[in-house]
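Shown next, in structure tokens, is the structure this report addresses.
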Amino acid sequence: MAAHAERYRDVGRVLVTCPDRPGIVAAISGLLFRHGANITELQQYSTDPFGGTFFLRIEFHREELVSGLAAIEDGLATIAAEPAMGGGMRWRVTTPAARHRVAIFVSKADHALQELLWRTHAGELAMDVRMVVSNHDDLRSAATDWGIPFHHVPVTSTTRDEAESRALALLDGEVDLVVLARYMQILTPRFLAAYPDRVINIHHSFLPAFVGADPYGAAARRGVKLIGATAHYVTADLDAGPIIEQDIERVDHRHQVADLRRIGRHVERAVLARAVGWHLEDRVIVHSNTTIVFA
């Protein structure tokens, strides 16, 4: 963690969503220049150069960033208040020196959890996993073997509200991001309101064609030719939140149900890790029910 903090000590990121008009990049890059910042990465996208919505991600370096951050934020606020923006510019500045604090929710499947923990340990995901929360006790050792606190919060039809209150109490003040690594419970609007655009889920991409407890068996009986996974932000609309990442692998008649499940686990691990990584690196901007991903 110390090495990460030192590497990113003077690194900042600016993310902007605003009406598209001439001069946005010039205004923001000029602001950074005036405050002694060097732009190291810049990505932009417009839904329509003539009246659309403009998205911008800038990563920059400035010596002693902490002493100049407030002035940069004041400058962005001034740009946002310009009449041409019409109050439509949304912006934020992040400082990646501090790792995101993350809670991982699981049920019984361990493949997505193990992938996230291994990549964190290897330095591929810049996050501080504060806890693993589960409605079952099966994966306790999977967390504690990495030295991560494990919390068993059982959920039943009669204790759902109480369990969610307990989970929220565990997270309060401790967590910036929640990752559902095959957590087989539905979160209520109350939970999601506490972490807007900060709950990421992973699931197979057979939905909505194959639902229920045995989607791989149903898919095999239909002779599917693609196995996929989807990572998305969770909203109150079940499995319909803004998609961050997807991937597929081809299969054929030679693959049995067990093969499909194995391939599905492989795709889910990779897709979830990429989605979480992009979120941690501030590469995702949510726009309506879609995402702009500056990967």
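The values are calculated or read from the model by the stated rules, or taken from the named source; none is laboratory data. Note that the coordinates shown come from a computational prediction; the quantities given were computed from them, not determined experimentally. Positions of Cβ are backbone-derived with ideal geometry, glycine not excepted, and every protein chain shown enters the neighbour counts. Note: accessible area is taken over every heavy atom of the protein model, side chains too, but ligands, DNA and RNA are not part of it. Shrake-Rupley method; radii C 1.70, N 1.55, O 1.52, S 1.80 Å.
For the chain, the Cβ-based charge dipole about the Cα centre amounts to some 620 debye (Lys, Arg positive; Asp, Glu negative; other atoms uncharged). For the chain, the share of DSSP beta bridges that are antiparallel, to the nearest 5, is 70%.
When the chain is treated as a Gaussian network with alpha carbon springs shorter than 10 Å, the biggest mean-square fluctuation among A109, A37, A70 belongs to A70.
Per-residue SASA remark: S157, around 110 Å² accessible (1.4 Å probe; ligands, DNA and RNA not included).
Between helix 160-171 and the chain there is an angle of about 40 degrees, using the helix long axis and the longest principal axis of the Cα atoms.
Among L42, L238, L177, the residue with the largest mean-square fluctuation in a Gaussian network model of the chain, with springs joining Cα atoms closer than 10 Å, is L238.
Only one residue of H100, T156, L170 has its Cα farthest out toward the positive end of the dipole of the stretch 84-174, where Lys and Arg carry +1 and Asp and Glu -1 on Cβ, and that residue is H100. Put simply, the amide H of V129, placed in the peptide plane, has neighbours under 5 Å in V102, leaving out anything fewer than 5 places away on its chain. Computed from Cα positions, the angle between helix 65-80 and the longest principal axis of the chain comes to roughly 80 degrees. For the chain, the longest principal axis of the Cα atoms and the long axis of helix 111-121 meet at an angle of about 40 degrees. Relative to the current alpha-carbon distance between R254 and S67, full extension at 0.36 nm per residue lengthens the span by 61.1 nm. In this structure E115 has an accessible area near 40 Å², from a 1.4 Å probe over the protein heavy atoms. Each peptide in 129-137, 270-278 was scored by the mean count of other Cβ atoms within 10 Å over its residues; highest first, the order is 270-278, 129-137. Amide H to amide H, with H built 1.01 Å from N, D247 comes under 5 Å of A229, counting only residues 5 or more places away or on other chains. Three principal axis extents describe the C-alpha atoms of the chain; from largest down they are 60, 42, 36 Å. Mean-square fluctuations from a GNM of the chain, with a 10 angstrom spring cutoff on Cα atoms, peak among G223, G52, G212 at G212. The residues of the chain expose on average 49 square angstrom of accessible surface per residue, using a 1.4 Å probe on protein heavy atoms.
The relative contact order of the chain, computed from alpha carbon pairs under 8 Å that lie at least 6 residues apart in sequence, is 15 percent. Carbon-plus-sulfur accessible fraction, the stretch 45-182 (probe radius 1.4 Å, protein heavy atoms only): 50%.
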